[in-house]
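One structure is given below, encoded as structure tokens.
The values are calculated or read from the model by the stated rules, or taken from the named source; none is laboratory data. Everything numeric here is computed off the predicted structure, so don't read it as measured data. Cβ placement follows ideal geometry from the backbone for every residue including glycine, while neighbour counts extend to all protein chains displayed. Heavy atoms of the whole protein, side chains included, go into the accessibility calculation; ligands, DNA and RNA do not. Shrake-Rupley method; radii C 1.70, N 1.55, O 1.52, S 1.80 Å.
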Amino acid sequence: AQSVTQPDIHITVSEGASLELRCNYSYGATPYLFWYVQSPGQGLQLLLKYFSGDTLVQGIKGFEAEFKRSQSSFNLRKPSVHWSDAAEYFCAVPHSGGYNKLIFGAGTRLAVHP
Amino acid sequence: SQTIHQWPATLVQPVGSPLSLECTVEGTSNPNLYWYRQAAGRGLQLLFYSVGIGQISSEVPQNLSASRPQDRQFILSSKKLLLSDSGFYLCACPGTSNYGYTFGSGTRLTVV
């Protein structure tokens, strides 16, 4: 069965520092992969997605993610974090049951120190 | 592009009371619709999805039910709330590219 693991529940970084959020997945084939961001009390916004092709994917707000098949990973990165990046981040893969259903990881809450 | 409206934004309800959360979609027709719940400190759990009017599929056994009386209306209900029903409820539909969900702004439900 498909699953998504985000090993880090909370991460704190200083503003201007680099960031990497980890995501590992279990999926029977080459998956579609997604990263979403949720600001406090809000819905989720799609940051980026991987469908095929180039394994380094660029997203909104200066984020990127790299698909590594050998490691079953799709880690999210940003070279320089801004205070406004403080939020919760979710990795997701499609559900095998179709109908565009998604399975989400437990999320990583990012805090940014000034 | 699609827009999802959810209301209310916050709700505090006593145990045993009924619940009705509404989600409406603009900018698309006959969308798949989804209800997710986000419990404190946990990820998003898919509760229900619908591929059309009157069609509801439940992903997990629970105290809640869903209905889709109109093409762009999705309702989450309960006859008697439990403490464990507390959480953040999100409605979603696929975006213009597959799986790029559009989410509503959510309803924070606290059962007391």
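Being more than 14 Å from chain B (Cβ to nearest Cβ) and open to solvent by 30 Å² or more (accessible area, probe 1.4 Å): is that true of A:His95 here? Write out each step before concluding.
On the way: more than 14 Å from chain B (Cβ to nearest Cβ): no; open to solvent by 30 Å² or more (accessible area, probe 1.4 Å): yes.
For A:His95, the condition - more than 14 Å from chain B (Cβ to nearest Cβ) and open to solvent by 30 Å² or more (accessible area, probe 1.4 Å) - is not met.
Let's see how each residue does on (1) at pLDDT 95 or above; (2) more than 16 Å from A:Ser3 (Cα to Cα); (3) of a type in the set (D, E, K, R); (4) in contact with a Gly (Cβ under 9 Å, 6 or more places away or on another chain):
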site	(1), (2), (3), (4)
A:Lys78	yes, yes, yes, yes
A:Val81	yes, yes, no, yes
A:Ser96	no, no, no, yes
A:Asn100	no, no, no, no
A:Gly105	no, no, no, yes
A:Ala111	yes, yes, no, no
A:Pro114	no, yes, no, no
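Please pick out the residue among A:Ser84, A:Ser52 that is open to solvent by 50 Å² or more (accessible area, probe 1.4 Å), under 25 Å from B:Gly87 (Cα atoms) and without any contact (Cβ under 8 Å) to a residue 60 or more places away in the chain.
On the way: A:Ser52 fails: under 25 Å from B:Gly87 (Cα atoms).
Of the residues listed, the single one that is open to solvent by 50 Å² or more (accessible area, probe 1.4 Å), under 25 Å from B:Gly87 (Cα atoms) and without any contact (Cβ under 8 Å) to a residue 60 or more places away in the chain is A:Ser84.
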Just one listed residue, out of B:Leu19, B:Leu90, B:Leu33, B:Leu109, is crowded, with 17+ Cβ neighbours inside 10 Å, of a type in the set (A, V, I, L, M) and away from chain A (no Cβ under 14 Å), and it is B:Leu19
Among B:Ser67, B:Ser84, B:Ser77, which is more than 16 Å from A:Tyr99 (Cβ to Cβ) and outside any strand (DSSP E or B)? B:Ser84
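Residue under question is A:Phe63, and the condition is that it be in contact with a helix residue (DSSP H, G or I) (Cβ under 9 Å, 6 or more places away or on another chain), open to solvent by less than 30 Å² (accessible area, probe 1.4 Å) and not hydroxyl-bearing (Ser, Thr, Tyr); does it hold? Lay out the reasoning, then the answer.
Values: in contact with a helix residue (DSSP H, G or I) (Cβ under 9 Å, 6 or more places away or on another chain): yes; open to solvent by less than 30 Å² (accessible area, probe 1.4 Å): yes; not hydroxyl-bearing (Ser, Thr, Tyr): yes.
Considered against the rule, which asks whether it is in contact with a helix residue (DSSP H, G or I) (Cβ under 9 Å, 6 or more places away or on another chain), open to solvent by less than 30 Å² (accessible area, probe 1.4 Å) and not hydroxyl-bearing (Ser, Thr, Tyr), A:Phe63 comes out as yes.
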